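The values are calculated or read from the model by the stated rules, or taken from the named source; none is laboratory data. Computed from a predicted model, the values in this text were never measured in an experiment. Glycine also receives a Cβ, built like all others from the backbone with ideal geometry; neighbour counts cover every protein chain displayed.
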Amino acid sequence: MDDEQTVRALLGLRDEEGAPPSVDLAAAMRMGRSRLRRRRTAQLSAGAVVAVAVVVATPATVQLVREPAHPAVAPTTTLGLAATSSPSPSPSPSPAAGPTSLACVESRLPVPQPNQEALVIGADPTGHYLVGRVYKSGHSSQVIIWHDGQFKTLTMSGSDPELRDITPNGVAVGTSFPSGLNSTGWIYQNGRLSKLKGPYGSQAVAIADNLTIGGTESKDGLEYPIVWHSPASTAVRLPLPGPNWLGSVDDVDSDGTIVGTVRPSVTSDANQGIVWHPDGSYQLLPLPTGVVAGANGMEVHSIRDGAIVAAGTVSDSSSKTMTPVLYRLSTGEFTALPGADLFIEAGNAQGWVAGSGSYDMPAVYTPTTGIVRLPTLVPHGTSTPPLGIVAGTISDDGLTIGGQDVDAHDVIHAVRWSCH
């Protein structure tokens with residue numbers, strides 16, 4: 001059983017009738033899956049998941065934010081959310097006009113039942129839409145879409161269902177496992193949830209505004225990048241530099257540009273970034289040696305408006321150092337993100353990064369403020385903070401962050417941080 005299969009098996013316990021109420025396992029595995037997908041260096045030993053050893057080059061500088069009161073979320077009527085027009089994204093601020101300080105307020109997202117557990121997994125670039133999954137005790141999980149205070153739950157057949165990404169017009173994609181470890185991609189469009197055409201093992205990862213869908217095919221324990229050129233098309237594999245290369249899709253830009261992380265062979269740890277252009281061509285990205293001394297690898301995380309947030313890596317047989325960087329396709333240049341000592345989950349074109357900082361607590365980084373720790377349901381400074389809190393999405397303007405938090409009773413909540 002490989003890393004991803006183990007993560008799935010553990011996450012599947014959440015859907016079993018009579019599963020224990022504690023969410024530590026599900027929360028940890030949700031976060032672990034994201035990291036395993038991008039960092040295939042974790043190993044399994046005697047059935048235990050061993051975390052990736054990450055060496056931070058410089059001490060984390062964390063700007064603390066005073067804990068605000070957590071506003072209660074009033075019960076919200078469940079409304080039908082068809083794929084309709086959504087407010088256009090506001091112009092992104094210039095990096096030079098970045099904030100000198102940043103304060104964020106956390107709020108729980110509404111769910112069908114009080115204290116029902118839920119996760120945010122993806123978002124649209126505006127931050128108006130958030131998507132994920134909601135757990136039902138004794139029943140299979142459902143996927144969920146939040147839109148400006150309203151929500152809609154949907155039943156996706158198969159185990160471990162989740163929505164992963166959504167456009168500003170409300171078209172969402174996700175994945176479930178209808179049969180054992182064989183996954184399939186899904187699309188929510190025009191008020192209807194339907195399967196995407198593709199091979200067994202296909203997963204829909206991200207969707208562009210033009211409805212190009214990027215994903216990954218898992219076959220015989222190996223991963224290959226795939227694309228659906230339209231919701232009605234059948235997934236096809238994306239080209240790779242050589243016959244033994246493997247890889248996965250990490251994100252899709254609004255124009256259909258796809259980015260991912262690839263490696264020369266199953267035994268290689270030499271990860272490298274790659275871009276598949278809408279015209280069908282591809283290019284391997286250079287290593288960020290000019291801004292990350294000794295970089296011998298790179299792992300892509302997200303793309304927005306041609307700006308790629310990635311991690312330059314320096315690895316040997318015993319450790320891996322990860323340094324967040326920004327690469328702009330328009331100039332072919334890397335920009336260092338000094339002080340961004342985070343496990344990256346998402347980024348935007350301004351070089352803002354959402355992820356986990358010191359002690360695995362949620363944080364956001366901006367080039368002008370450095371790291372800002374996000375408020376949590378359990379106050380900072382607790383001797384044993386809950387495991388599995390994730391800041392997983394960030395909007396174009398950087399002011400809306402989606403994720404999950406865990407309260408003092410180990411109940412996991414889908415949350416949104418609103419910043420100013």
| message | Out of the residues in the stretch 211-225 meeting the condition of being without any contact (Cβ under 8 Å) to a residue 60 or more places away in the chain and more than 18 Å from the chain's Cα centre (by Cα), tell me which one is surrounded by the fewest Cβ atoms within 10 Å (Cβ to Cβ). | response | Asp220
| task | Working carefully through the options Asp396, Asp341, find the one that is among the charged types (D, E, K, R) and at pLDDT 95 or above. | result | Asp396
| request: Would you mind listing the strands (runs of 3 or more DSSP E) fully within the stretch 277-372 where at least 2 residues are crowded, with 22+ Cβ neighbours inside 10 Å and in contact (Cβ under 8 Å) with a residue 24 or more places away in the chain? | output: 297-304, 307-315, 320-328, 343-347, 353-356, 362-366
| message | What's the total number of residues in the stretch 210-251 that are in contact with a strand residue (DSSP E or B) (Cβ under 9 Å, 6 or more places away or on another chain) and not in a strand (DSSP E or B)? | response | 13
| message | Scan the stretch 188-206 and tell me whether some residue there is over 18 Å from the mean Cα position of the chain (by Cα), under 19 Å from Trp276 (Cβ atoms), surrounded by fewer than 23 Cβ atoms within 10 Å (Cβ to Cβ) and small (Gly, Ala, Ser). | response | yes
| query | Looking at the stretch 229-237, is at least one residue at pLDDT below 95 and surrounded by fewer than 22 Cβ atoms within 10 Å (Cβ to Cβ)? | reply | no
| said: Need pairs with beta-carbon distance below 6 Å; first residue within 26 Å of Thr167 (Cα to Cα) and touching a residue at least 12 places away in the same chain (Cβ under 8 Å) and within the stretch 382-406, second part of a loop (DSSP other than H, G, I, E, B) and among the aliphatic types (A, V, I, L, M); sequence gap 6+ or separate chains. | reply: Ala391/Leu374; Asp405/Leu377; Asp405/Ile389
| Of the conditions (1) surrounded by fewer than 24 Cβ atoms within 10 Å (Cβ to Cβ); (2) assigned to a strand (DSSP E or B); (3) of a type in the set (Gly, Ala, Ser), Ser254 fails just one. Which one is it? | (2)
